[in-house]
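J.: Take a look at this one; I'll ask things after.
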Amino acid sequence: MKLSIVILNWNGVLLLERYLPSVLQHSGDTEVIVADNASTDGSVAFLKENFPTVRIIENPVNGGFARGYNDALKEVDADVFCLLNSDVEVSENWLLPIYKALDKIPQAAIIQPKILDLLQTDQFEYAGAAGGFLDQYGYPFCRGRIFQALEKDEGQYNDTTEIFWATGACMFIKRDVFRTLGGFDEDYFAHQEEVDLCWRAQNAGYKVYYVGESAVYHLGGSTLSNMNPKKTYLNFRNSLFSITKNLPRRKALPIILARLVLDGVAAVRFILQFRLNHCLAICRAHLSYYRNFRKMYKKREKANFILKYYATKSIVWSHYVHQVRNFNILVKD
């Protein structure tokens with residue numbers, strides 16, 4: 001089984017300088033590729049001078065996370081792709097548990113390792129933590145992270161288990177699965193495209209797994225921080241895209257209506273926090289969703305829809321009303 005590590009880069013020369021050495025040090029003879037999204041900061045020249053063993057794929061434009069990987073992976077000949085953020089530091093022997101899981105769990109089409117915070121290494125990191133899930137309204141959360149509440153890593157998620165979605169910060173996906181699904185949806189540009197990909201994968205009969213014996217350390221927020229309104233815009237809009245595409249009509253429409261109301265509540269909360277830019281970002285997200293509704297509806301999968309896509313009815317209610325901050329005490333449905 002051939003595996004290639006593909007790191008998407010856009011004006012991240014400082015991140016490559018800092019974190020690429022750990023990938024090369026701890027990945028043995030595995031092919032390492034940097035897919036550059038038309039950077040203007042000298043990233044390509046830096047790589048050629050300092051990391052001559054790293055293969056470079058130069059994308060002609062910055063198409064974001066989705067198109068960037070779609071374009072680059074067309075040129076990668078491997079059985080399994082490892083999509084790795086440029087701000088990730090890997091650990092020793094991090095690939096061995098992944099290889100074992102791919103060998104022992106043939107139905108595993110997508111795998112995610114444990115994602116820890118690079119700055120607080122005993123704490124889970126926001127983007128993926130110990131594997132992703134959805135609530136009934138399509139809001140994503142993770143084992144080890146519910147909204148902004150992050151758990152400490154005390155070995156509670158050292159297992160190998162099925163999850164609903166794997167983070168794009170470090171995702172292993174079989175080549176044939178990626179190509180069968182048509183890759184990422186480029187209309188997402190960035191954020192939650194991995195949720196959509198995993199959802200589509202499961203609609204097509206594939207499985208997504210988490211392997212806790214493998215750990216990487218993610219800096220996070222190096223492209224867009226959680227305080228950036230653009231990230232709010234993309235997350236709210238793209239979540240609505242995913243619901244529209246991946247549920248049968250009789251389930252999707254009531255949930256979309258409920259989401260529009262809940263998103264409105266979130267917008268009011270931003271106003272009360274004096275974060276007007278984030279409120280406006282939600283408004284723009286909804287307007288973009290309305291403009292793209294017909295397009296997203298036409299993308300709906302023809303395969304059977306999985307009906308039990310959620311782990312709990314409302315993560316919003318559990319977290320903000322019942323003050324649930326730990327995945328293991330969350331009421332599962």
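J.: Give the Rg/Rh ratio for the chain, taking Rg as the radius of gyration of the Cα atoms and Rh as the Kirkwood radius, to two decimals. Before the final figure, lay out each step's value.
T.: Working: Rg = 19.1 Å, Rh = 20.2 Å.
Expressed as Rg/Rh, it is 0.94.
J.: Something else about it: Using just the alpha carbons, could you tell me how many Å³ per residue the convex hull of region 1-107 encloses? Each step should come with its number before you reach the end.
T.: Details: hull volume 10.5 nm³, N = 107.
Per residue, the Cα convex hull of region 1-107 comes to 98 Å³.
J.: Counting only C-alpha contacts under 8 Å and six or more residues apart, can you give the relative contact order of the chain as a whole percent? Don't jump to the answer; show the numbers that get you there.
T.: Working: 637 pairs, mean separation 63.2, N = 333.
Result for the chain is 19 percent.
J.: If you don't mind, another one. Quick one: which residues, 5+ away or cross-chain, put their amide H under 5 Å from the amide H of Phe147? H built at 1.01 Å from N.
T.: For Phe147, the qualifying residues are Cys142.
J.: State in Å² the accessible area per residue of the chain; use a 1.4 Å probe, count heavy atoms of protein chains only, and round to the nearest integer. Present the calculation step by step, with values, prior to reporting the outcome.
T.: Working: 14700 Å² over 333 residues.
The answer is 44 Å² per residue.
J.: Then there's this: If the only charges are +1 at each Lys and Arg Cβ and -1 at each Asp and Glu Cβ, what is the size of the charge dipole of region 88-179 around the Cα centre, to the nearest 20 debye?
T.: Values: 9 positive and 13 negative charges, 88 e Å.
Using only the charged Cβ atoms, the result is roughly 420 debye.
J.: Measure out, as a whole number of angstrom, how far apart the alpha-carbon centroids of region 9-73 and region 78-122 sit.
T.: Answer, in whole Å: 18.
J.: Please list the non-local residues whose amide H lies under 5 Å from the amide H of Thr160, H modeled 1.01 Å from N, same-chain partners needing a gap of 5 or more.
T.: Distant-sequence amide H within range of Thr160: Gly212.
The values are calculated or read from the model by the stated rules, or taken from the named source; none is laboratory data. What you see is a predicted model; the values in this text were computed from it and never measured. As a convention, Cβ positions derive from the backbone with ideal geometry for all residues, glycine included, and neighbour counts pool all protein chains shown. The protein model used for the area step is the full one, side chains on, heavy atoms only, and it has no ligands, DNA or RNA in it. Shrake-Rupley method; radii C 1.70, N 1.55, O 1.52, S 1.80 Å.
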